[in-house]
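Remarks on the structure that follows.
The values are calculated or read from the model by the stated rules, or taken from the named source; none is laboratory data. Since the structure is predicted, the reported quantities are computational estimates derived from the model, not experimental observations. Here the Cβ positions follow ideal geometry from the backbone for every residue, glycine too, while neighbour counts run over all protein chains shown.
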Amino acid sequence: MGAPQARLLGAVLQLLTMQTLLPAAEAVARLLKARRETVAVAETSSGGLIAAALLAVPGASAYFMGGAVPYTRQARRSVVNIADEAMRGIRSASEPYALLLARTARDNLGATWGLSETGAAGPTGNPYGDVAGHTCIAVAGPAGATGTALTLETGLADRLANMRAFARAALELLADELRR
């Protein structure tokens, strides 16, 4: 396969990814707009797909405050502003870390809701012993709410499939919380 064909295949795969995420993002957008609320996102293993899906829905400026991909410790410290002290007793790719990310994103951007994802997309696991396909997702609701976190294990080593699955699960969790 030549370079032009590879670029075309890449574009088709990106389009398919967005089309699989768009229905969930549209549901979140409708709910947030109806409630006149906003969301901020911090995601790691999904690589920005959650934010991209939310931004693909027309009118995103009414509900999307911003997002970050704090993929490394340095990014966590500088982009999301979570100091090492706040991480004592917490490891990445865990439900407590996902909750911390969601709350921090919400608070840093002044959003009503925070949504986060942290895991191991693959094809191998992460340094913490999690296998590929492991992620933790969290939603932090309006300030004072406890928040919701869950762990997802896809059982897949396929990086792109896991990234899509992580993003979709995060969007669906947020939609579920908004419907309560």
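Per-residue answers, yes or no, for (1) on the phi > 0 side of the Ramachandran plot; (2) among the charged types (D, E, K, R); (3) at pLDDT 95 or above:
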{"position": "A27", "(1), (2), (3)": "no, no, yes"}
{"position": "L31", "(1), (2), (3)": "no, no, yes"}
{"position": "R35", "(1), (2), (3)": "no, yes, yes"}
{"position": "T38", "(1), (2), (3)": "no, no, yes"}
{"position": "V41", "(1), (2), (3)": "no, no, yes"}
{"position": "G59", "(1), (2), (3)": "yes, no, yes"}
{"position": "F64", "(1), (2), (3)": "no, no, yes"}
{"position": "P70", "(1), (2), (3)": "no, no, yes"}
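Let me spell it out: the conditions are (1) outside any helix (DSSP H, G or I); (2) in contact with a Phe, Trp or Tyr (Cβ under 7 Å, 6 or more places away or on another chain), and R106 meets all of them except one. Which number is the exception?
For R106, the failing item is (1).
Among the residues of segment 32-66, count how many are over 20 Å from N108 (Cα atoms) and surrounded by fewer than 17 Cβ atoms within 10 Å (Cβ to Cβ).
Total satisfying the criteria: 6.
What's the number of the only condition in (1) under 15 Å from the mean Cα position of the chain (by Cα); (2) without any contact (Cβ under 8 Å) to a residue 60 or more places away in the chain that P123 fails to meet?
For P123, the exception is condition (1).
Can you find a residue in segment 68-78 that is assigned to a helix (DSSP H, G or I), within 15 Å of the chain's Cα centre (by Cα) and under 26 Å from R179 (Cα atoms)?
Within segment 68-78, not a single residue is assigned to a helix (DSSP H, G or I), within 15 Å of the chain's Cα centre (by Cα) and under 26 Å from R179 (Cα atoms).
Can you tell me which residue within segment 1-22, out of those that are modelled with pLDDT of 70 or more and out of contact with any helix residue (DSSP H, G or I) (no Cβ under 9 Å at 6 or more places or on another chain), is nearest to A167 (Cα to Cα)?
Residue satisfying both the conditions and the ranking: Q19.
Within segment 121-133, does at least one residue satisfy the condition of being touching a Lys or Arg at 6+ places or on another chain (Cβ under 8 Å) and at pLDDT below 95?
The initial filter retains those residues of segment 121-133 that are touching a Lys or Arg at 6+ places or on another chain (Cβ under 8 Å), namely 121-123, 128, 132.
Of the ones still in play, those that are also at pLDDT below 95 are 128.
For segment 121-133, residues touching a Lys or Arg at 6+ places or on another chain (Cβ under 8 Å) and at pLDDT below 95: present.
Can you tell me which residues in segment 132-180 are part of a loop (DSSP other than H, G, I, E, B), surrounded by 20 or more Cβ atoms within 10 Å (Cβ to Cβ) and of a type outside the set (G, A, S)?
T154
Are any residues in segment 70-99 under 26 Å from L31 (Cβ atoms) and in contact with a helix residue (DSSP H, G or I) (Cβ under 7 Å, 6 or more places away or on another chain), and if so, which ones?
Within segment 70-99, P70, V80 qualify.
Show the residue pairs meeting these rules: Cβ distance below 7 Å; 6+ apart or different chains; first residue within segment 90-115 and touching a residue at least 12 places away in the same chain (Cβ under 8 Å) and surrounded by fewer than 18 Cβ atoms within 10 Å (Cβ to Cβ); second residue among the charged types (D, E, K, R) and not in a loop (DSSP other than H, G, I, E, B).
Nothing qualifies.
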